[in-house]
Every structure is written in structure tokens, then in C-alpha cells.
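Chemist: Let me begin by handing over the structure; questions about it come next.
The values are calculated or read from the model by the stated rules, or taken from the named source; none is laboratory data. Please read these numbers as outputs of a predicted model, since none were measured by experiment. Glycine gets a Cβ as well: all are built from the backbone with ideal geometry, and neighbour counts include every protein chain shown. Quick note on the areas: whole protein, heavy atoms, side chains included, nothing else; ligands and nucleic acids left out. Shrake-Rupley method; radii C 1.70, N 1.55, O 1.52, S 1.80 Å.
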Amino acid sequence: MKKQYEGRLNKCGICIKYALLIGNCVLALVGCIAMGICIYIAADKVYFVTVVIGTSLVTVATYLVLAGACVLVLSSLFGCFGSIYENRKLLFTYAVCLSVAFFLSVLGSSMAIVFRSWTSDQIRGYMRNTLQIKYGMNGTENELVTHSWDTAQEKWYCCAVEDQSWGIYRSSEWYPIQPGVPDATTNLVPESCCVKDQYGKYVQLTKCQTYRIGPPGLQSGNTNEALFYRGCFTAGLESLYVISGYIIGIGVAIAFLMICGILFSMWLFLTL
């Protein structure tokens with residue numbers, strides 16, 4: 001591509017040009033890091049959350065910020081070439097792309113903030129309902145609920161909804177279809193409520209699921225070291241608050257950098 005405005009920049013314009021060039025290299029790096037974090041969160045941390053807690057705010061916020069980071073990386077290319085070749089069209093395209101990325105990042109951060117103010121009773125009630133009615137049942141939707149709950153209990157090291165609330169499984173649709181003698185050998189909790197060792201093997205699966213002189217058979221009694229005592233409501237919210245904090249931080253950081261990029265690009269645009 002040929003320089004269209006070579007020699008027209010004064011010393012101030014040249015400084016802006018190279019500042020924009022360096023700044024876009026930084027933007028590209030920040031965008032790649034943000035993409036990596038968001039992809040990790042989306043793939044490993046929140047893909048099952050919507051089904052378990054009944055709101056997609058954190059999941060959608062993650063994808064919005066991820067989209068903003070992708071647009072940021074793309075726009076940094078326009079910014080680099082626009083500053084190198086002093087091309088107004090590329091600089092204008094750069095500013096437009098940054099505006100889009102700014103909107104996506106701010107929207108994603110806002111949704112993460114909204115999640116933090118979500119009513120706890122709404123989430124708790126939804127979790128109880130899906131666990132009691134849909135967990136372990138046949139059907140595509142119910143199987144998705146079962147898989148999501150199992151994933152949540154394994155990843156968050158928790159069982160049921162509230163702390164020490166294993167009894168909810170005995171009042172669910174899942175309990176009557178369990179094999180064994182009722183109130184004697186029937187499983188009281190699913191495998192995902194059971195502790196695994198460092199090698200991924202269950203510590204004591206039978207004790208975890210059928211122990212009746214302590215949890216989960218009794219609310220108190222002898223300690224069952226093979227069973228998760230913590231509820232997924234508390235564990236899940238804590239995990240999601242941390243994740244939403246990352247999303248908010250990334251979104252705000254990207255938005256701030258994009259404002260700086262837009263201002264510098266417009267400044268250089270006006271000096272050409």
C-alpha cells in the first residue's frame with residue numbers, strides 16, 4: 001500500500017503516529033490475553049451454569065467480553081496499518097471497530113454487575129426445583145439438567161443446594177428409581193456428591209452414597225469423609241462472583257484502552 005499523506009505530519013503528528021502504533025501492539029497483546037481468559041472461563045467454568053442456577057447472565061457476559069476482545073485484536077491491525085501508512089480510511093475503520101468492541105465490553109461488564117445483584121432467593125428456589133423434579137429423569141432437557149448438576153457438584157466440590165442438604169435427594173424424583181432396598185441399601189446421593197482422591201478415584205463410594213448412621217442418611221452423626229458437606233448454592237455463587245469479577249475487570253480495562261485508542265486515532269486522523 002502506498003503512503004497517501006507522506007510528509008504532511010508535523011512533529012506532534014509523528015509522535016501521535018508512533019504512539020498509536022505502539023499502543024496498538026499493546027492492544028493486540030491485551031486482547032489476546034483477554035481472549036485466552038474468556039475462552040478458559042467459557043469452556044471450563046460457566047458452560048453448565050445457566051442450567052444449574054437458572055440465569056445466563058454470567059455466560060452471556062463472558063461471550064460478550066470475548067467478542068469484544070476478538071474485535072479489539074482485529075481492530076489493532078487496522079490501527080497499525082492505518083498509522084504506518086497514514087491512511088484515513090483505515091484509521092476511520094479502526095475507530096469504528098474500537099467503538100463496537102467498546103460497546104460489547106461495556107455490555108458484558110454490565111451484565112456481570114447485574115448478576116451480582118441478582119436475588120439469592122430466586123436462584124436458590126430454581127436450584128431446588130430443578131434438582132427435585134428433573135434430576136435423573138429421562139428426556140433431553142432432564143438429561144441436560146442431570147449432566148449440569150453432576151458437573152457443578154464435581155467442579156464446585158458440593159452436594160445439593162444448601163450446606164448439608166443431602167435430604168433433598170430423598171424427596172426428589174431421582175430417589176424412587178434407585179436400585180436396592182428402600183431405606184436400607186438404596187443410594188441416598190448421586191456419585192457426583194462423593195469425594196475423589198488426587199488420582200480421580202472415589203475415596204469410598206459406597207459409604208458416600210449409602211451411609212445411614214451419619215450423613216447422608218442422617219443430618220448429623222459420624223463424619224462421612226467421603227461426602228461433600230457444602231451446598232452448591234454457596235459454592236456456586238462464590239465461584240461465579242470471582243468469575244464475574246474477572247469479567248468486569250477485563251471489560252472495564254478493554255473499554256478504557258479502547259477510549260484511548262479512539263482518541264489517538266481521531267487525533268492522527270485530523271492531522272492528516
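Chemist: From Phe81, Phe115, grab the single residue that is part of a helix (DSSP H, G or I), within 22 Å of Trp156 (Cα to Cα) and touching a helix residue (DSSP H, G or I) at 6+ places or on another chain (Cβ under 9 Å).
Modeler: Details: Phe81 fails: within 22 Å of Trp156 (Cα to Cα).
Result of the check over Phe81, Phe115: Phe115.
Chemist: Taking only the range 219-233 into account, find how many residues are assigned to a loop (DSSP other than H, G, I, E, B), in contact with a helix residue (DSSP H, G or I) (Cβ under 8 Å, 6 or more places away or on another chain) and open to solvent by less than 60 Å² (accessible area, probe 1.4 Å).
Modeler: 3
Chemist: Next up: Give Thr151, Thr93 a once-over and let me know the one that is hydroxyl-bearing (Ser, Thr, Tyr), part of a helix (DSSP H, G or I) and open to solvent by less than 40 Å² (accessible area, probe 1.4 Å).
Modeler: Working: Thr93 fails: open to solvent by less than 40 Å² (accessible area, probe 1.4 Å).
Of Thr151, Thr93, the one residue that is hydroxyl-bearing (Ser, Thr, Tyr), part of a helix (DSSP H, G or I) and open to solvent by less than 40 Å² (accessible area, probe 1.4 Å) is Thr151.
Chemist: Out of the residues in the range 189-213 meeting the condition of being of a type in the set (Val, Ile, Thr) and within 28 Å of the chain's Cα centre (by Cα), tell me which one is most open to solvent (accessible area, probe 1.4 Å).
Modeler: Among residues in the range 189-213 that are of a type in the set (Val, Ile, Thr) and within 28 Å of the chain's Cα centre (by Cα), the one most open to solvent (accessible area, probe 1.4 Å) is Val195.
Chemist: Restricting to the range 49-68, name every residue that is crowded, with 18+ Cβ neighbours inside 10 Å, within 10 Å of the chain's Cα centre (by Cα), within 23 Å of Glu141 (Cα to Cα) and hydrophobic (A, V, I, L, M, F, W, C).
Modeler: Residues satisfying the conditions are Val49, Leu57, Val58.
Chemist: Another question, then. Kindly indicate whether Pro216 is in contact (Cβ under 8 Å) with a residue 12 or more places away in the chain, more than 30 Å from Ser56 (Cβ to Cβ) and assigned to a loop (DSSP other than H, G, I, E, B).
Modeler: Values: in contact (Cβ under 8 Å) with a residue 12 or more places away in the chain: yes; more than 30 Å from Ser56 (Cβ to Cβ): yes; assigned to a loop (DSSP other than H, G, I, E, B): yes.
Against the criterion (in contact (Cβ under 8 Å) with a residue 12 or more places away in the chain, more than 30 Å from Ser56 (Cβ to Cβ) and assigned to a loop (DSSP other than H, G, I, E, B)), Pro216 qualifies.
Chemist: Okay, next question. Counting only residues that are of a type in the set (Ser, Thr, Tyr), farther than 22 Å from Ser76 by Cα and in contact (Cβ under 8 Å) with a residue 40 or more places away in the chain, how many does the range 220-272 have?
Modeler: Qualifying residue count for the region: 6.
Chemist: Report, by residue number, each residue of the range 159-188 that is among the hydroxyl-bearing types (Ser, Thr, Tyr), part of a loop (DSSP other than H, G, I, E, B) and open to solvent by less than 50 Å² (accessible area, probe 1.4 Å). Give the derivation first.
Modeler: Narrowing the range 159-188 to residues among the hydroxyl-bearing types (Ser, Thr, Tyr): 165, 169, 171-172, 175, 185-186.
The next check asks that each one be part of a loop (DSSP other than H, G, I, E, B); those that pass are 165, 171-172, 185-186.
Within the range 159-188, Ser165, Ser172, Thr186 meet the criteria.
Chemist: Still on this structure, please answer the following. What number of residues in the range 137-164 are within 18 Å of Leu205 (Cα to Cα) and over 18 Å from the mean Cα position of the chain (by Cα)?
Modeler: Going through the range 137-164 one residue at a time, the tally reaches 4.
Every residue, every condition in (1) part of a helix (DSSP H, G or I); (2) of a type in the set (Gly, Ala, Ser); (3) touching a helix residue (DSSP H, G or I) at 6+ places or on another chain (Cβ under 7 Å); (4) open to solvent by 10 Å² or more (accessible area, probe 1.4 Å), yes or no:
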{"position": "Gly245", "(1), (2), (3), (4)": "yes, yes, no, yes"}
{"position": "Ile248", "(1), (2), (3), (4)": "yes, no, yes, yes"}
{"position": "Ile254", "(1), (2), (3), (4)": "yes, no, yes, no"}
{"position": "Ser265", "(1), (2), (3), (4)": "yes, yes, yes, no"}
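Chemist: Checking the structure you have, find out if any residue of the range 53-75 is assigned to a helix (DSSP H, G or I), out of contact with any Leu (no Cβ under 8 Å at 6 or more places or on another chain), at pLDDT 85 or above and aromatic (Phe, Trp, Tyr).
Modeler: Yes.
Chemist: Report, ordered by the first and then the second residue, all pairs with beta carbons closer than 8 Å, sequence separation of six or more or different chains, a first member in the range 80-95 that is among the hydroxyl-bearing types (Ser, Thr, Tyr), and a second member that is part of a helix (DSSP H, G or I) and surrounded by fewer than 21 Cβ atoms within 10 Å (Cβ to Cβ).
Modeler: Listed by first residue and then by second, the contacts come to Ser83/Lys17; Ser83/Tyr18; Ser83/Leu21.
Chemist: Here's another thing I want to ask about it. Go through the range 38-47 and count every residue that is in a loop (DSSP other than H, G, I, E, B) and either among the basic types (Lys, Arg) or buried (at least 18 other Cβ atoms within 10 Å of the Cβ) (or both).
Modeler: If we filter the range 38-47 for residues that are in a loop (DSSP other than H, G, I, E, B), which is where we start, we get 45-47.
Now drop any that are not either among the basic types (Lys, Arg) or buried (at least 18 other Cβ atoms within 10 Å of the Cβ) (or both), which leaves 45-46.
Of the residues in that region, 2 qualify.
Chemist: Further, regarding this structure: Inspect all residues belonging to the range 99-110 and state whether any of them is open to solvent by less than 70 Å² (accessible area, probe 1.4 Å) and outside any helix (DSSP H, G or I).
Modeler: No - not one qualifying residue is present in the range 99-110.
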